[in-house]
Amino acid sequence: MSQADVSYSCGSCGYPLHLTSSNRIASGFGISSEYSKSVKKGLISFLSVDLSRFTQVDEVHCFPVSWGRYRLKTKLLCRKCGVHIGYGYGDAPALCGFDSPESSGAAYKKFTVKIRAVQPSEEISGYGISLVGDGCPSLSTLSLYRCNITDTGLEALANACLALRCMNLAYCPHISDSGLSALSQGCCELQTIKISNCKGVTGVGLRGCSSTLVYVDADFFNLEPEGIMSIVSGGGLKFLNFAGLSCSKFRNGLETNGKGLETIGNGFAAGLKTLSLRMCRSVTDASVVAITKGCPQLQEWNLAMCHEIRVAGWFSIGSDCHNLEKLHVNRCRNLCNQGLQRRLQTALHFVHEP
Ligand SMILES: [Zn+2]
């Protein structure tokens, strides 16, 4: 979606206000300083708006301008919830108070909108997504990549699209574990879920997910240690990507208490074939040993840039990963021959990315 296509909804209730950025008064010749001043005040200006989306309340702040015309300032409220969104400005042809802007068809010249009162495009609202569900009850694949879907939307989806198998929710900033939970409980045929870069998700929303869930793509997200247990809880995982995991929560000895990444090796992910822990700086020997024991089916394991793996970890991979075909070890500072047995070195395909 290009910048010009961004549309805005009521920040309070999500009602689509049809405010589109292409109608914004942007910086340009002669108005750039006024533009930047208003942005600093938390206001954005539009040349036109869809007045059917607003309730207009005349503020009766009338100042004579010239030639008997009066300046019109009208409050614009969200038509659905009544929250104050902004103002419309124009010149009223008659004395204010006698003609409403609607009846007189007053020519607005400018609209200002409080940035805090709106949110970018709520095109995927709970209501909108429930329409999708009603219309396509057999929907099996849905990508909402970089969409503004909320937990309400996910709940609507979970109630309507019971046949969903593949779901892409990567870069959805407004979802949390609550929505994820509704989805994983409602859509019990779910096989693939992508939740990469979802800042509001910790993983616990997948607790008790179905054993049909085989593919979880969750790189660069705010996984909590408890979230790992939830993600593997269905018992059916074959592909798991935790690349770039934020590691702060996995330090402070959590790993040694068995609550960190070693949870992957607790038996629930025994069928795992592909695992990426790329750039997970908190992967320790303890986690590697647990995973090698608990995930005997592993065929591809990405441990690139995992600097904390030392002799014990590599040794464990060398002795226990009998099905491993690909091991990514680029930029592993503590990779050593001593740990990796000769058998492994000759059998494996090492991947060195640039
Ligand atoms: Zn509203």
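Values in this text are rule-based calculations from the coordinates and carry no lab data. Since the structure is predicted, the reported quantities are computational estimates derived from the model, not experimental observations.
A straight Cα-to-Cα reach below 20 Å connects Lys259 with the lysines Lys249, Lys293, residues fewer than 8 places away in its own chain not being considered.
Across the stretch 211-224, computed HN-Hα scalar couplings (Karplus, 6.51 cos²θ - 1.76 cosθ + 1.60, θ = phi - 60°) run 6, 6, 5, 10, 10, 10, 10, 9, 7, 6, 10, 7, 4, 9 Hz from first to last residue, x flagging Gly and Pro.
Shape analysis of the stretch 118-217 places it in the oblate category; the axes a ≥ b ≥ c from the Cα gyration tensor give an a/c of at least 1.5, with a/b not above b/c. Tell me which lysines have Cα within less than 21 Å of Lys194's Cα, excluding those fewer than 8 residues away on the same chain? By straight Cα distance, Lys194 reaches Lys238, Lys273.
Dividing the alpha-carbon Rg of the stretch 126-351 by 2.2 N^0.38 Å yields what?
On the way: Rg = 18.1 Å, N = 226, 2.2 N^0.38 = 17.3 Å.
Ratio of Rg to 2.2 N^0.38 Å for the stretch 126-351: 1.05.
Amide H to amide H, with H built 1.01 Å from N, Ser9 comes under 5 Å of Leu17, Gln119, Ser121, Glu122, counting only residues 5 or more places away or on other chains.
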